[in-house]
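Participant: Submitted below is the structure of interest, expressed as structure tokens.
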Ligand SMILES: NC(=O)c1ccc[n+]([C@@H]2O[C@H](COP(=O)([O-])OP(=O)(O)OC[C@H]3O[C@@H](n4cnc5c(N)ncnc54)[C@H](O)[C@@H]3O)[C@@H](O)[C@H]2O)c1
């Protein structure tokens, strides 16, 4: 039987590439985003994919309920939830306001909690399902000028571990991916503000490149599939070309490339 995957932040970037991969793998795909979804849904259908979707804000509790109802009505419930929608904030801690902090937490951490509750209920009722949260290397270590963003991603890893502990015995696995810097619209906007350059990132990564959205989508698909990762529960998988494994100083790392 066809499995259903709900993917948040699916209008562009990692979410869009993940939606394409799941559609190619034969899932029925439910896209969600604050942006309109007619174009991405149209593209997936034109390529032969089984796609539908609902626009809304993941941080609104009412939307979590609407999305769960929509998924139950259209698809008979979710087998997979990918909590990918997120926003970046690059700002020194002294200049980060309470409103900045709350906005980032609402989208990056409260949203995944609300959607996990709403769609996880369908999985728990069937005693089967997989939730994959898109965290970041910024959830595993500190990066300056990102206090709210990093705290939200650390929190998302904590949520992942806790739901894995709470729901694993009822057939629902919960894992996270922790990408390094990825070439998406988020990176274009962040670099546009002058926060860092391609060279800063490439020099820091043992594999000497940015992550591609496809690298992240492949790891998400692995964690979603019970045949491939059926006993993997509560992990936060770096998809970072070795970033978090490597404590070398930059000149040493660059010298080893030969
Ligand atoms: N780009 C990177 O370097 C990088 C690195 C590590 C982790 N990540 C994480 O990967 C995920 C995807 O990032 P991306 O690079 O594709 O970013 P992106 O900005 O290209 O895409 C994010 C998507 O989320 C949607 N979105 C934003 N707020 C929303 C809300 N309130 N409700 C519903 N949808 C909302 C946006 O409309 C957009 O389509 C994010 O969680 C991000 O934190 C990104």
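The values are calculated or read from the model by the stated rules, or taken from the named source; none is laboratory data. Predicted model only: the values in this text are computed from it and were never measured. Every residue, glycine as well, gets a Cβ built from its backbone with ideal geometry; the counts of neighbours run over all protein chains shown.
Participant: Is there a residue being in contact with a helix residue (DSSP H, G or I) (Cβ under 9 Å, 6 or more places away or on another chain), near the ligand (Cβ under 10 Å from one of its atoms) and in a loop (DSSP other than H, G, I, E, B) anywhere in the stretch 61-83?
Facilitator: No - not one qualifying residue is present in the stretch 61-83.
Participant: Right, next: Which of the residues that make up the stretch 155-178 are in a helix (DSSP H, G or I) and within 16 Å of the ligand (Cβ to nearest atom)?
Facilitator: 155, 156, 157, 158, 159, 160
Participant: Report the residue count in the stretch 160-192 for those that are closer than 22 Å to residue 126 by Cα and more than 13 Å from the chain's Cα centre (by Cα).
Facilitator: The total comes to 13.
Participant: From 80, 14, 87, 30, which residue is under 30 Å from residue 194 (Cα atoms), in contact with a strand residue (DSSP E or B) (Cβ under 7 Å, 6 or more places away or on another chain) and either at pLDDT 95 or above or crowded, with 18+ Cβ neighbours inside 10 Å (or both)?
Facilitator: Only one candidate qualifies: 14.
Participant: In addition: Would a scan of the stretch 51-59 turn up a residue that is at pLDDT 95 or above, within 10 Å of the ligand (Cβ to nearest atom) and either buried (at least 21 other Cβ atoms within 10 Å of the Cβ) or within 14 Å of residue 152 (Cβ to Cβ) (or both)?
Facilitator: The answer is yes, given that some residue of the stretch 51-59 is at pLDDT 95 or above, within 10 Å of the ligand (Cβ to nearest atom) and either buried (at least 21 other Cβ atoms within 10 Å of the Cβ) or within 14 Å of residue 152 (Cβ to Cβ) (or both).
Participant: I've got another one for you. Counting only residues that are closer than 24 Å to residue 245 by Cα and modelled with pLDDT of 95 or more, how many does the stretch 165-184 have?
Facilitator: Of the residues in that region, 9 qualify.
Participant: Please go through the stretch 179-200 and pick out each residue that is over 17 Å from residue 153 (Cβ atoms) and near the ligand (Cβ under 9 Å from one of its atoms).
Facilitator: Scanning the stretch 179-200 gives 183, 185, 188, 189.
Participant: Between a residue in the stretch 81-96 that is over 11 Å from residue 186 (Cβ atoms) and any residue that is more than 8 Å from the ligand (Cβ to nearest atom) and in a loop (DSSP other than H, G, I, E, B), which pairs come within a Cβ distance under 6 Å, given they are 6 or more apart or on different chains?
Facilitator: Final answer for the pair search is 92/145.
Participant: Applying the selection to the stretch 182-205, what residues are surrounded by 15 or more Cβ atoms within 10 Å (Cβ to Cβ) and part of a loop (DSSP other than H, G, I, E, B)?
Facilitator: Residues satisfying the conditions are 183, 184, 195, 196, 205.
Participant: Looking only at the stretch 90-105, decide whether some residue is more than 10 Å from the ligand (Cβ to nearest atom), surrounded by fewer than 23 Cβ atoms within 10 Å (Cβ to Cβ) and in a strand (DSSP E or B).
Facilitator: So far as the stretch 90-105 goes, yes, one or more of its residues are more than 10 Å from the ligand (Cβ to nearest atom), surrounded by fewer than 23 Cβ atoms within 10 Å (Cβ to Cβ) and in a strand (DSSP E or B).
Participant: Considering only the stretch 7-50, how many residues are part of a strand (DSSP E or B) and within 14 Å of the ligand (Cβ to nearest atom)?
Facilitator: Residues in the stretch 7-50 being part of a strand (DSSP E or B) and within 14 Å of the ligand (Cβ to nearest atom): 6 in total.
Participant: I would also like to ask the following. Here are 117, 153: which of them is more than 19 Å from residue 10 (Cβ to Cβ) and surrounded by fewer than 22 Cβ atoms within 10 Å (Cβ to Cβ)?
Facilitator: One residue alone meets the criteria, 117.
Participant: Let me ask you something else. Give just the number: which of (1) part of a helix (DSSP H, G or I); (2) out of contact with any strand residue (DSSP E or B) (no Cβ under 7 Å at 6 or more places or on another chain); (3) more than 13 Å from the ligand (Cβ to nearest atom); (4) at pLDDT 95 or above does residue 251 not satisfy?
Facilitator: For residue 251, the failing item is (4).
Participant: Does residue 254 satisfy the criteria of being surrounded by 13 or more Cβ atoms within 10 Å (Cβ to Cβ), closer than 15 Å to residue 178 by Cβ and touching a helix residue (DSSP H, G or I) at 6+ places or on another chain (Cβ under 7 Å)?
Facilitator: It is false that residue 254 is surrounded by 13 or more Cβ atoms within 10 Å (Cβ to Cβ), closer than 15 Å to residue 178 by Cβ and touching a helix residue (DSSP H, G or I) at 6+ places or on another chain (Cβ under 7 Å).
Participant: In the stretch 136-154, what residues are within 8 Å of the ligand (Cβ to nearest atom), part of a helix (DSSP H, G or I) and touching a strand residue (DSSP E or B) at 6+ places or on another chain (Cβ under 7 Å)?
Facilitator: 137, 138, listed by residue number.
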